[in-house]
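Novice: I have a structure I would like to understand better, so I am pasting it below and will then ask my questions one at a time.
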């Protein structure tokens, strides 16, 4: 149990900060919903007021550009005081009236957690009262809005799902592996991983599998549940896998849960971006599978080498401010630093053992306001965060590299490949092009500005961010001996 | 006629290279004949266009098939502080019918259209090989167009096959001397009017120098041709002195302007701190002789002292990261030794430098700086360069863009110091940028990663995660 001070520290930038300015993180129930959306024919339900659901629904919709099945127990003032058990039961019955989801994922919210509702207990009551629905799996997960971020909610939903639905198996299916896929992985990342695992002769079960549910499906009929993702039988078969690969440090507890319930050993892979990390991942896969490296990967690694050479002129020495969830941030920061960029500030959302190992900087838990302030103080030339960074980027006059969740003002975010050799190549090109397209055009006053005038930057003040120049200031901004800030 | 012109520019009396030659060699001219199967340089048209295109408010019309302009336009970083017309690609795009029937009428119509649509103060008209072979007389067309439209149309007769880039530079200079310089009068003159010849303002390098001249009260009446306006070049014959920027390419302009208009000149460089200072001193000295205020040299010394101090202090900060790193320097037009001295000051060891375009004195300076073992390279094949880099005889290659991929494929840091470069390296600020860029590339961690064996290579030390 956390003390009050811990909780305070977790949610604020500094002990003296009492206001979060431009939040970086999303809520835990939203993470829970995202997890359940990666299960086939599932329906996430928030136990809270309808607003809790509606905000998450809209945000998920803006990111994925899909209709998002998400329901609510629609708590009112009166039901909150009297207890929400009846609303949970009513909601489940109503859902079952309209269709039959394979899984119902029930996430609590700040409202119902504050009241102190025991949603797991409520489900037990429902089971007793409605034995006719005993076959419908309902996974209840405690995701109070006031604790943690969406990465935490995602993990908690996964742990609870494994606890509820995982089945121990006496027989082990060789080559079958579980892949616990973190919330930072895109649809394209998951597809790529599946291909690679299969090319090593492995038969992966992804939990969850957003690549099959939020994959731009254009259905023939309307379904009020997710259309694709990890199926219930697949979850039940996970206990027979030879190995679990946990993609993301945040999911370690889920790996442990699976080990505890089904006895499947796990390995945590905390990085997949960039050459060094992916080399290690492949060596691990070879070790697990005993199969040789697929020839295709050799070509992809070669291409990445070449891309690193071509991109280093633009990415080298680039001062970057990054704000992401811990898993995504850790991977991104190391990837950027391996390519010569300097991550001058790393801001994250929630506690993680990775926070102490974010390249040369320690990650600070904070908001976009903190990110913006530090970026300004430390002369960052590029911002890496989700779409909400756009205002700060504009105020700082630096470009924004959109990654993470949510990306609501650009198309195709779920289909961006970031991991593996190929993803690293594509990401490097994006960074390099972003810098290149903003190469400042020198003017008569670039080096010796006239007295009384600001340094001549031909494009500064242009509200169109496409023309904000990126400058390298190796001379004044850093200590060249160490490459660090003076 | 073109042949006479070529012979005339080759017999350049002011050129140090030329003076050193025997009478027989002098007749052969100074451009090496390109070797079939082993040539990589540009043609005379390329050279002429490079030299004149930085006149920013003029239209530059290329008379030829699409290759000459279509494959080359907007490929250099000569910058403008005003008009962008110079970056617009104009060509007659000759077709088969033009080749059969002649392209002169086509050319004339093209000139008329440019005048109607863009109304430039002048049009430079570039001859290329195909119309030269079929006998299109661009000089006649230019003359007719000038008379008809009342707009200067300047023929630049440097078709590609007559020689290399350097010859093209010189022929462009001849075009300016014959048709442009002295055709207009300046609005005002001052006792400190200076021409800068052979500076193209690549990546804005002129602006690393001009503000210092401004501070000294020296007016650049014309830069030929970086960030130039047609009017400035046309009236540049009233300047008091001229500086020829470290290249023999436009020496004919400097010498003939001295003959015709009595403008004294010297040859200097803006690359390297000591060269920059020497150039400023020379400019001040020449101008004082020509009537500039007598305190100019004194003020120049003060400016040099403060700029040098600042630059050395900035460069010194990179010493720890650069100390002992070995650089291989293969440059074209840049006077190697002045850069060599700046690099050495930053702690680098220069393991080799090109001397292809250096004079005898330059070579002596290099030997003095680098010691008796100085590795002076006349020409270096890409294969040899690759071998040297691969065998780790250098930590960084500084060369033109064409060598970039040789270095990168050898997984060795590379810095582009030639014309297509992204950064400006002139003057005091430029030398600091150069050192900072070397530092940025040499300290990039990718080179370490790239040399690591792949998972499937023998010697891979990566262990599986457990």
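Laboratory data are not the source of any read-out in this text; all were calculated from the coordinates shown. Treat the numbers as computed from the prediction; the structure is a model and nothing was measured. Reconstructed Cβ throughout: ideal geometry from the backbone, glycine too, with neighbour counts over all protein chains shown.
Novice: Any idea what angle helix A:85-98 forms with the longest principal axis of chain A, computed on alpha-carbon atoms, 0 to 90 degrees, nearest 10?
Specialist: 90 degrees
Novice: Apply the Kirkwood formula to the protein assembly as shown: the hydrodynamic radius equals the inverse of the mean of 1/r over all pairs of different alpha-carbon atoms; give it in Å with one decimal.
Specialist: Computed over the protein assembly as shown, the radius equals 32.1 Å.
Novice: Okay, helix-only estimate at 222 nm for chain B: each DSSP H run of n ≥ 4 adds -39500 (n - 2.57), divide by all residues, round to 500 deg cm²/dmol; what do you get?
Specialist: -13000 deg cm²/dmol
Novice: At 7 Å along the Cα-to-beta-carbon direction for both residue A:299 and residue A:360, put a label point, then send me their distance in nm to one decimal.
Specialist: 3.8 nm
Novice: Counting only DSSP beta bridges with both residues in the protein assembly as shown, tell me the antiparallel percent, nearest 5.
Specialist: Among the beta bridges of the protein assembly as shown, antiparallel pairing accounts for roughly 5 percent.
Novice: I need A:259, A:354, A:318 ordered by Cβ neighbour count within 10 Å, fewest first.
Specialist: A:259, A:354, A:318
Novice: On to the next question. Run the quick spin-label model on residue B:215 and residue B:87: label points 7 Å from Cα toward the beta carbon, then report their separation in nm to one decimal.
Specialist: In this crude label model, residue B:215 to residue B:87 measures out at 2.9 nm.
Novice: Counting DSSP beta bridges in chain A, what percent are antiparallel, to the nearest 5?
Specialist: Antiparallel bridges make up about 5 percent of those DSSP assigns within chain A.
Novice: Of A:434, A:425, how do they rank once you tally other Cβ atoms within 10 Å and put the fewest first?
Specialist: Lowest count first: A:434, A:425.
Novice: Could you put B:270, A:222 in order, starting from the residue whose Cβ has the fewest other Cβ atoms within 10 Å?
Specialist: Least crowded to most crowded, the residues run A:222, B:270.
Novice: Right, another one. How much of the DSSP bridge set in chain B is antiparallel, in percent, rounded to the nearest 5?
Specialist: 5 percent
Novice: Quote the FRET efficiency, to the nearest 0.05, computed for residue B:134 versus residue B:379 with a Förster distance R0 of 30 Å and r equal to the Cβ-Cβ distance.
Specialist: My answer for the efficiency is 0.25.
Novice: Which angle from 0 to 90°, rounded to the nearest 10, does the C-alpha axis of helix A:28-37 make with the longest principal axis of chain A?
Specialist: 70 degrees
Novice: Moving to a separate point now. What percentage of all Cα-Cα pairs in chain A are separated by more than 30 Å?
Specialist: Counting every Cα pair in chain A, those more than 30 Å apart make up 49 percent.
Novice: Run the Debye formula on the Cα coordinates of segment A:240-281, all scatterers equal and no solvent, and tell me log10 I(q)/I(0) at q = 0.14, 0.29 1/Å.
Specialist: Values, matching the q order: -0.34, -0.92.
Novice: Using only Cα atoms, tell me the angle between helix B:138-149 and the longest principal axis of chain B; keep it within 0 to 90° and round to the nearest 10.
Specialist: 60 degrees
Novice: What FRET efficiency would be calculated for the residue pair residue A:98, residue A:441, taking the C-beta separation as r and a Förster radius of 60 Å, to the nearest 0.05?
Specialist: The computed FRET efficiency comes out at 0.50.
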